1. Can you tell me how much longer the chain between residue 95 and residue 61 gets when fully stretched, taken as 0.36 nm per residue apart minus their C-alpha distance, in nm with one decimal?
2. Provide the gained length on full extension for the span residue 115 to residue 78, in nm with one decimal, where the gain is 0.36 nm per separating residue minus the Cα-Cα distance.
């Protein structure tokens, strides 16, 4: 009986250690970047403003019957034309404000606000390393 209880406690501990707590962001609990979806519907981006962390991936999904093409105002990213239910994703590796619009319908605008510094895993993946003087530098 004692062995069965220890086994059940071990199994419960393992399950709790790999599953994020209810009501928390999985990215925050694991230290991994998050993924977000911006829906394009009724000629609008939803959410219109999104706050994300460095390393996050944002995916735009076209739910309209009309095509849309997303472009960041400083040409950081541009999607191909997206037909109904097509998607475009971009991973944000640098903190900052990224304003974007639909090139086919310029009244459609949105903004991604990227906060924070890249995690250790992202620094290794992108070749960045910590520098006491300037924050991050390319290896």
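1. 9.9 nm
2. Going from the current span to full extension adds 11.2 nm.
Read-outs throughout are calculated quantities, based only on the coordinates presented, and are distinct from any laboratory measurement. Everything numeric in this text was worked out from a predicted model, so none of it was measured.
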